[in-house]
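> Next up is a structure, given as structure tokens.
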Amino acid sequence: MNKRGLSPIIATAMLITLTLVLASIVFLWARGFISEQIQKFGQPVERQCDNIEWQISYHSSSPANARYFDISNYGNININSVNLKIISENNEKSENYKLKLNSGEADSLILDTIIEGKEAEKVIFYPVLLGSTSDGTSKGFPCENQGKVINFI
């Protein structure tokens, strides 16, 4: 019988190819766990979130479901937009408002706070900062540690 096996060179090449394929798969899988860092003023944007100084007040008017909010930016960090989380008894609704507030500016916002026929219990406001990614594109970053809660009940 004349049996032949793989030559050591072909076996080595196949092992190297298999290793590279597996390493590529692991790299692509792990890349999803590493978030792209957003920068503002040369620092991670999370650090700039701590420097936000802003205030929200509200008053209601007719009709009963319309809520008027006054939002003021007292700090030195520009706020690009505002994320909202409107919460009622069993429901929750998230929205983004393109409410740009530069340093020292104020603006008003009118919200309908009815969710599926029920009045909201509270609204949480989160400022969104605009930062730059490593490739130079602009990206918003919600500062969840700076959320302001307005309770209605």
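> Just to be sure before I move on: is F141 surrounded by 17 or more Cβ atoms within 10 Å (Cβ to Cβ), out of contact with any Pro (no Cβ under 7 Å at 6 or more places or on another chain), at pLDDT below 90 and assigned to a strand (DSSP E or B) in the structure I sent?
Against the criterion (surrounded by 17 or more Cβ atoms within 10 Å (Cβ to Cβ), out of contact with any Pro (no Cβ under 7 Å at 6 or more places or on another chain), at pLDDT below 90 and assigned to a strand (DSSP E or B)), F141 qualifies.
> Please specify each residue of the range 99-124 satisfying the condition of being surrounded by fewer than 12 Cβ atoms within 10 Å (Cβ to Cβ) and within 18 Å of V45 (Cβ to Cβ).
Listed by number, the list holds a single entry, N102.
> Could I ask something else about it? Among (1) exposed (fewer than 15 other Cβ atoms within 10 Å of the Cβ); (2) out of contact with any Leu (no Cβ under 6 Å at 6 or more places or on another chain), there is one condition N83 misses while meeting the rest; what is its number?
So the condition that N83 fails would be (1).
> Return the total of residues in the range 73-121 being part of a strand (DSSP E or B) and touching a Lys or Arg at 6+ places or on another chain (Cβ under 9 Å).
Qualifying residue count for the region: 17.
> Another question, then. Output the number of the condition that G136 fails; it satisfies all remaining conditions of (1) surrounded by 14 or more Cβ atoms within 10 Å (Cβ to Cβ); (2) closer than 18 Å to I38 by Cβ; (3) free of Cβ contacts under 8 Å to residues at least 24 places away in the same chain.
Checking G136 against (1) surrounded by 14 or more Cβ atoms within 10 Å (Cβ to Cβ); (2) closer than 18 Å to I38 by Cβ; (3) free of Cβ contacts under 8 Å to residues at least 24 places away in the same chain, the one that fails is (1).
> Looking only at the range 101-121, filter to residues that are of a type in the set (D, E, K, R) and modelled with pLDDT of 90 or more; which one of those is nearest to I56 (Cα to Cα)?
Checked the range 101-121; the qualifying residue nearest to I56 (Cα to Cα) is D107.
> Just one of the numbered conditions (1) crowded, with 17+ Cβ neighbours inside 10 Å; (2) free of Cβ contacts under 8 Å to residues at least 60 places away in the same chain; (3) under 17 Å from I52 (Cβ atoms) is not true of P127; which one?
(2)
> Which one of the conditions (1) at pLDDT 90 or above; (2) not in a helix (DSSP H, G or I) does I34 fail to meet, given that it meets all the rest?
Going through (1) at pLDDT 90 or above; (2) not in a helix (DSSP H, G or I) one by one, I34 breaks only (1).
> Can you tell me which residues in the range 49-69 are modelled with pLDDT under 85 and not in a strand (DSSP E or B)?
Selection gives S61, S62, P63, A64, N65.
The values are calculated or read from the model by the stated rules, or taken from the named source; none is laboratory data. Fair warning: this is a prediction, and the values are worked out from it, not measured in the lab. So basically every Cβ, Gly included, is an ideal-geometry build from the backbone, and we count neighbours across all protein chains shown.
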